[in-house]
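Take a look at the structure set out below.
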Amino acid sequence: MAANSDGELNQHSLNNALNDAILTGDALAIRNILKIRSADSPLHSPIGLLGNGHSQHRATLPIHLAAIYRKVESLEILLHSGADPERRDHRGCSALHLVITHWPKTGRTRSKPQGKFQTAIAAREQCAEACLRLLCRWGADVNARVGEESGDTAVHLAVHYGALPALGILASHGARVNATDSAGMRPLHMAAGTLSTDMAACLLRHGAEVRRALGPSGSTALHMAVTAAACEAGRGRPVDLSCVRELLAHGADPNAQDQAGRTPLHQACQDGQEETAVMLLEHGADVNIHTSLGENCLFLLLDRTANLERASLLERLLSLTYPLTITNGQGELPRALLLPQHRAQRDLFLELCKQPVSLQDTCRVHIHRHYGERARLKLRELMPEKLHSFVYSSWKCPVGISFPGTHQSVDNETPGDLPRTPGDVSTGETHASIG
């Protein structure tokens, strides 16, 4: 019994010595200890036999400890001594995964000259890059997944943990940038959903497919970026549309429809995001596509009371919607128009929907549909100046369509609680539009 206790104590001391040698980068001590123990023997039990701060990471293998703390020389000695880079921890992470999940938190923009803190963070990131490259050179599986539940690959982890330099390293060693996790999520969708422009740009440079849709929802990366931008605006934060712009520049389809038939423009209009909507229109977005419920962009804009302030976007949509209709596929009106104080505007909208479209308006709609905003400069050379100005610069609401006191109605009315009403109650019509 005493012999066993002595043996456990000696093993405990040996584990402590190897633990300290790895963290301090004591190459000689690591080599000497590995002469009498395996490089793949656990340092301590899963419950934390050592009782120190490192046990919280449950880094039971020496190679995992070196990966977590970005100890490049220690990691290299362990690999040379036979440590298996594919061994997993209790969560299913390999050493390569652990380097990424413990990537140092860095701001992508650093002040100049750099302070001591920024310099220290940059040095940590360089160590993390060196560890990742080392593992890749030793043949670590860059496409291995974490456990069975998440199905995350190293590329997914790099996006999640903000490890931008890791993306290029992984891609250069054969990582699949279009891999899906267990939920069908792709790295580009993850980057777009957090408006991570640098991440998205890096993935696109390495072959990410910008038009691929998520299986369950049918959303593209552009859908997710537009939704994320609207969420940021809803929280009162300044919105950076650089990620949306990056996706469009790489060929994202602004008219792609998800499982509900919604395009990115539908989302932008519903959320009243005029800058986003204009950017999408400039890249060929079509205001006349309908969702699976028969909603056009104009309907979705008018469905929310807060959007009634977006006069410029309203004017643009009114000018481009053809045939002009403000009801959905069931003949229901937008809820914001059902508020009592907006009855006059509702009646005017319904009257406009019955009027024939002018030749100029028809011309504008078809030019936009065929050429889009991107042909604006080229068409300036081909079209009469007055016509070009009308097509691309004249967005004017019909007289009488304005919504005074909108702020008050947002506070005091809840249009979401109002039942929808068929298109033209007074005449019995259920779908006010121009055929």
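The values are calculated or read from the model by the stated rules, or taken from the named source; none is laboratory data. Not measured: the values here are computed from a predicted model. Glycine also receives a Cβ, built like all others from the backbone with ideal geometry; neighbour counts cover every protein chain displayed.
Data table
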| item | result |
| --- | --- |
| Subset of region 235-269 [modelled with pLDDT under 95, at negative phi and over 16 Å from the mean Cα position of the chain (by Cα)] | ARG235, ARG237, PRO238 |
| Given (1) modelled with pLDDT of 90 or more; (2) over 24 Å from LEU241 (Cα atoms), index of the condition SER319 fails | (1) |
| Residue in region 113-132 that is modelled with pLDDT of 90 or more, within 19 Å of ARG176 (Cα to Cα) and in a loop (DSSP other than H, G, I, E, B) present | no |
| Some residue of region 372-379 being part of a loop (DSSP other than H, G, I, E, B) and either in contact with a Phe, Trp or Tyr (Cβ under 8 Å, 6 or more places away or on another chain) or at pLDDT 75 or above (or both) | no |
| Meets criteria (polar (S, T, N, Q), touching a strand residue (DSSP E or B) at 6+ places or on another chain (Cβ under 7 Å) and under 27 Å from LEU298 (Cβ atoms)) for THR220 | yes |
| Any hit, region 168-175, residues being within 19 Å of THR276 (Cα to Cα), in contact (Cβ under 8 Å) with a residue 12 or more places away in the chain and among the aliphatic types (A, V, I, L, M) | no |
| Meets criteria (of a type outside the set (A, V, I, L, M, F, W, C), at pLDDT below 95 and within 17 Å of the chain's Cα centre (by Cα)) for GLY151 | no |
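Listed here are the residues, each with its yes/no results for (1) hydrophobic (A, V, I, L, M, F, W, C); (2) assigned to a loop (DSSP other than H, G, I, E, B).
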site: HIS189; (1), (2): no, no
site: MET199; (1), (2): yes, no
site: CYS202; (1), (2): yes, no
site: LEU222; (1), (2): yes, no
site: ALA228; (1), (2): yes, no
site: GLU232; (1), (2): no, no
site: PRO238; (1), (2): no, yes
site: ALA252; (1), (2): yes, yes
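Quick grid of which residues meet (1) of a type in the set (Asp, Glu); (2) out of contact with any Asp or Glu (no Cβ under 7 Å at 6 or more places or on another chain); (3) more than 13 Å from ILE100 (Cα to Cα):
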| site | (1), (2), (3) |
| --- | --- |
| ARG124 | no, yes, no |
| ASP141 | yes, no, yes |
| GLY147 | no, yes, yes |
| VAL159 | no, yes, no |
